[in-house]
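A.B. asks: Before anything else, here's the structure in question.
The values are calculated or read from the model by the stated rules, or taken from the named source; none is laboratory data. Only a predicted model underlies this, so the values are computations on that prediction, with no experimental measurement involved. Every residue, glycine as well, gets a Cβ built from its backbone with ideal geometry; the counts of neighbours run over all protein chains shown. Ligands, DNA and RNA are excluded from the accessible area calculation, which covers all protein heavy atoms including side chains. Shrake-Rupley method; radii C 1.70, N 1.55, O 1.52, S 1.80 Å.
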Amino acid sequence: MNKLFYIIILMSVVLSACSDNKKQEKDLQKQVVDFHEKVMNDDDNAMAIKRKIDTVIMAAKTAKTDTNEAHKYSAALMTADDAMGDWMHKFEPDYSGKSHEDVMKYLTEQQKKVKHVDSILIGATKEAAAYMQNIKKK
């Protein structure tokens with residue numbers, strides 16, 4: 001009877017740990033995906049400013065004026081957008097056959113990577129927006 005009791009307790013602990021692990025994995029994945037949604041909005045903002053800069057480039061070419069600075073900001077925005085696309089293509093949401101530790105490590109790394117992509121997007125967007133403000137003042 002004592003052995004049966006201990007086996008039942010042990011099984012309860014094991015099952016509880018498994019469900020806690022799955023919850024941790026799902027919670028962290030949700031955080032990564034939710035942050036990705038925020039980054040997508042930042043990417044949309046970056047591409048909107050890039051379109052404006054590309055319009056400035058076309059006008060400058062027509063007027064035969066210097067486009068180097070505008071090209072620099074357009075390229076920075078494109079690089080940021082490419083970083084977002086690269087992260088999205090490499091993100092693998094299927095963790096079948098992986099241990100809890102491997103899944104948590106992978107998701108933590110992905111969280112850091114997508115935050116880094118966001119910082120690139122925000123930085124490029126701020127610099128490009130400032131450039132556009134300077135053009136409007138001229």
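A.B. asks: Please verify whether Ser119 is of a type in the set (Gly, Ala, Ser) and at pLDDT below 95, treating the condition exactly as stated. Can you show your working first?
C.D. replies: Working: of a type in the set (Gly, Ala, Ser): yes; at pLDDT below 95: no.
No, not satisfied.
A.B. asks: Of the conditions (1) in a helix (DSSP H, G or I); (2) modelled with pLDDT under 85; (3) open to solvent by 90 Å² or more (accessible area, probe 1.4 Å), Lys22 satisfies every one except a single condition; which number is it?
C.D. replies: Only one criterion in (1) in a helix (DSSP H, G or I); (2) modelled with pLDDT under 85; (3) open to solvent by 90 Å² or more (accessible area, probe 1.4 Å) is unmet by Lys22, namely (2).
A.B. asks: For the range 69-92, check the following and say yes or no: at least one residue is of a type outside the set (Gly, Ala, Ser), over 11 Å from the mean Cα position of the chain (by Cα) and outside any helix (DSSP H, G or I).
C.D. replies: yes
A.B. asks: Going by the structure shown, is Ala124 among the hydrophobic types (A, V, I, L, M, F, W, C) and either on the phi > 0 side of the Ramachandran plot or modelled with pLDDT under 95 (or both)?
C.D. replies: Values: among the hydrophobic types (A, V, I, L, M, F, W, C): yes; either on the phi > 0 side of the Ramachandran plot or modelled with pLDDT under 95 (or both): no.
Judged against the criteria, Ala124 is not a match.
A.B. asks: When the residues of the range 47-83 are narrowed to those that are free of Cβ contacts under 8 Å to residues at least 60 places away in the same chain, in contact with a helix residue (DSSP H, G or I) (Cβ under 7 Å, 6 or more places away or on another chain) and small (Gly, Ala, Ser), which ends up farthest from Asp118 (Cα to Cα)?
C.D. replies: Top of the filtered list is Ala60.
A.B. asks: Inside the range 95-138, can you point out the residues that are hydroxyl-bearing (Ser, Thr, Tyr) and under 17 Å from the mean Cα position of the chain (by Cα)? Show your work before the answer.
C.D. replies: Going residue by residue through the range 95-138, those that are hydroxyl-bearing (Ser, Thr, Tyr) are 95-96, 99, 106, 108, 119, 125, 131.
Result: Tyr106, Thr108, Ser119, Thr125.
A.B. asks: For the range 93-138, what are the residues that are touching a residue at least 40 places away in the same chain (Cβ under 8 Å), within 18 Å of His36 (Cα to Cα) and not in a helix (DSSP H, G or I)?
C.D. replies: Pro93
A.B. asks: Within the range 29-65, count every residue that is at pLDDT below 90 and open to solvent by less than 50 Å² (accessible area, probe 1.4 Å).
C.D. replies: Going through the range 29-65 one residue at a time, the tally reaches 3.
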